[in-house]
Amino acid sequence: MAARAELETLNPAQREAVLHTGGALLILAGAGSGKTRVITVKIAYLIGELGVDPRSILAVTFTNKAAAEMRARAAAMEPAAADVMIRTFHSFGAWLLRRNAAAAGLDRGYAIYDDDDVISLLRTIYPDEPRGGLARYARQISRAKDYTLRPGDDLSLISPGPELAEIYRAYQRRLDEIGNVDFGDLILKPVELLRADEAIRRRTRQRYRYVLVDEYQDSNVAQYELLKQLCDEETYLCVVGDDDQSIYRFRGAEVRNILTFSESFPGTMVIKLEQNYRSTGPILDVASAVVQHNLGRLGKTLWTERTGGSEPSLALLRDQDEEVDYCLDLISREPRETAILYRTNAQSRLFESALIRAGIPYRIVGSLRFYEREEIKDALAVLKLCANPRDEVSFRRIVNKPARGIGAKSLETVTDALSDHGGDVLEATAAAAAGLSRKAGAAARAFGATIRRARESLGGGKLSDFTEALVRELGLWELHAEGQDPIVAQSKVENLEEFVNAASLYPATEEGLAEFLELVELDRSREADESLDAEVTLITMHNTKGLEFDRVIVTGLEEGLFPRGGDEDPDEIEEERRLFYVAVTRARDELFLTSCGYRRLHGRVMDFVPSRFLGEIPAELLRHATAGGRGRQAPGGEEYPVGGAVYHDDYGMGVVTSCRHSGSELVVQVRFETGRVAKFLPRYTPLEKVSGDDW
DNA sequence: GTCAGAAGGTTTTTT
DNA sequence: ACCTTCTGAC
């Protein structure tokens, strides 16, 4: 269907958003309100009806999946949309840097370091620092870049002391010497490039007259700065997002970007998309009731024409085992597309083993990622080293894998020689080989020669053949094929084959290699088992964004687990509340909530009180389910007098410090003789009242 | 270099 | 509880 016909099927707000021209536009699109549709129709309309050159449109998303979907849907309406620049923020940044490599101080063959590579690089600078410390530095540096901060800037926002500046400076110097970039650089470097180079800035602005941004609530400060650099007074900027779905603060996303968009871009028009096409009314009521408790929001109320629908249900359960039973019971009683949502990945385990036991096929999203597997990272390191012989991180990963006698001592000799060879590890290896032991020297020479020969052979043929031959020649294929566990080995070989296969679309040239590496580094979202169409999906709440299911079970609604942490940071609680909103609005037809009285966490059993979010839902919106599974114990309803003595099997004697109702639950707080204070639900946790005589 | 056992540390993770 | 990382002995 062409854009014009498509327009007729939109609701008035959607149509207004598509037709809007002039100044900046902020589309506040509630969950399930058809925002992707609006963007894609807008792209098709610009091209097909307004005659806009598709090459002058830039559409930015956060995930490759979203970009691919946008491209496909726009092209279905308007074939010329194939020429629109539709990319993720990072991929656009990488493209801009590759295109202006010299001006950005980079080699065209630069590779992108992922988080693990960043830690490895930090380790070369701080060899004695434990991994946890390095990971913290890596996080802080990454966060600093999210805020466009450089080592010389005030970093107190990220970390109080002076040490971060020094670490960041040393890290960046080393990274620049190597000539690679990290994820943060893919945004920050383009910002700096556009700021510093007027000609490139002018050229880029002249090319993109229309800039569209999806999921704007997830943008960070650096991405905002990039938009600022891309847009002049004449650029048409349209951002789409939902402040209530901003859930990546911990990664540097700034809700303020969307909250203050109108001030940042004067003359902004705001259009709200509030009609939801996904969920039933009662489900939206639950979502709205909770998210309304947030102070920092623009405010929007979802509504739907979908009347009826079953009442969302809350089950207060004794523990995880009952929770698992409850979910399986729902699934087997009435099979249909169901997603089991949880806050932390650790919670998936019990569900997984129960589903296996019950013989119910399931799909787990986001567990072990393809590109994080050892064998794949090895193969990637091989290619990265071919692309950039200054890549010390990749060199270190594979130079002695499989073991060929190049130990720590030999490595040190090689890296000591680096500065004499412009950082080229292959040259340094050749030069240092003479100073090594006979065995290490020969091995190092052979390793270096293999990589060098491979680099020289670039220029034709298929990248898949190139990759396989090299990985085999280096002994990595054999290493992984002959692990102790034949099942593991089998899967490793299959992964390597899949990796090689992915490279077959690229030529074995320098450009082909760089392109393939970029694709792989920037698109690691694919799951190993995405083809499996099971009815049951296990997934973290974060991972559900953009997805929808007939039936959703939100599990683990317990204070301390969800929301996580205490009351210290109100912003954090608001973020968790948005996560609840995201989770609930994934459901089309049925919503179930569960909360456990106690659960095993970090090896010990801990008591939990129902999540505050449950208390924020008016009682009439929820049906209270009785527990399935095994029977409950301890009759509820009995009051515990404050000051009265109680006995708990694990904690011993204590005094009641408070006793109140939370929803329909009686919550008792006890201070034990040990000094420990804990809350209990007497309905699930045996808490024996002790008369004064027994003390 | 490899292995076993100890110690440590545990949110979420589009790129 | 569980998984990764560090350590010391062979």
Yeah, the range A:383-433 with a ≥ b ≥ c from its alpha-carbon gyration tensor (a/c under 1.5 is rounded, else prolate when a/b outruns b/c, oblate otherwise) is oblate
Please compute the contact order of chain A in relative form: average sequence separation of alpha-carbon pairs under 8 Å and at least six residues apart, divided by the residue count, as a percent. 15 percent
Gyration tensor on Cα atoms of the range A:283-422, a ≥ b ≥ c root eigenvalues, a/c under 1.5 rounded, else prolate if a/b beats b/c, else oblate, says prolate
Explain nothing, just the number: dipole magnitude of the range A:61-193 about its Cα centre with +1 on each Lys and Arg Cβ and -1 on each Asp and Glu Cβ, in debye rounded to the nearest 20. 300 debye
Nonlocal amide H pairs with A:Met606, under 5 Å, H built at 1.01 Å: A:Arg599, A:Arg600, A:Leu601
Taking chain A and counting helices only, DSSP H stretches of n ≥ 4 at -39,500 (n - 2.57) each over all residues, the nearest-500 ellipticity at 222 nm comes to -13000 deg cm²/dmol
Would you work out which of A:Leu96, A:Tyr362, A:Leu496 lies farthest towards the positive end of the dipole of chain A, given +1 charges on the beta-carbon of Lys and Arg and -1 on that of Asp and Glu, about the Cα centre? A:Leu96
If the cut-off is a Cα-Cα distance under 27 Å, which lysines reach A:Lys401, setting aside same-chain residues fewer than 8 apart in sequence? A:Lys377, A:Lys384, A:Lys409, A:Lys439, A:Lys462, A:Lys492
Computed over the Cα atoms of chain A, the Rg and Dmax in Å are 28.4, 91
For the range A:169-269, what class follows from the C-alpha gyration tensor (a ≥ b ≥ c being the square roots of its eigenvalues): rounded when a/c is under 1.5, otherwise prolate if a/b is larger than b/c, else oblate? oblate
Reach of A:Lys689 by Cα under 14 Å, taken over aspartates and glutamates that are not fewer than 8 positions away in the same chain: A:Glu638, A:Glu639, A:Asp649
Extending each Cα 7 Å along its Cβ direction at A:Ser504 and A:Ser437, get the distance between those two points in nm, one decimal. 4.3 nm
Tell me the label-point distance for the pair A:Asp116, A:Arg249, using the 7 Å Cα-to-Cβ offset, in nm and rounded to one decimal. 3.1 nm
Cβ-based exposure ranking for A:His480, A:His542, in which fewest neighbours within 10 Å come first: A:His542, A:His480
Point-to-point label distance, A:Arg336-A:Tyr126, nm (Cα→Cβ direction, 7 Å offset): 5.3 nm
Looking only at the range A:200-233, which residues have a backbone nitrogen under 12 Å from a spot 7 Å from the Cα of A:Ala103 in the C-beta direction? A:200-207
Once the in-chain neighbours fewer than 8 apart are removed, the lysines whose Cα is under 24 Å from A:Lys228 read A:Lys35, A:Lys42, A:Lys145, A:Lys189, A:Lys272
Between A:Tyr506 and residues 5 or more places away or on another chain, which pairs have amide H atoms under 5 Å apart, with H built 1.01 Å from N, and which residues are they? A:Leu463, A:Ser464
Can you put A:His624, A:His421, A:His90 in order of Cβ neighbours within 10 angstrom, beginning with the fewest? A:His624, A:His421, A:His90
Treating the beta-carbon of each Lys and Arg as +1 and of each Asp and Glu as -1, no other charges, what is the dipole magnitude of the range A:124-219 about its Cα centre, to the nearest 20 debye? 480 debye
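Computed from the coordinates by the stated procedures, all read-outs in this text should not be read as laboratory data. Worth saying up front: this structure is predicted, and the values here are computed from it rather than measured. Cβ coordinates were reconstructed from backbone atoms using ideal geometry, including for glycine residues, and neighbour counts include every protein chain displayed.
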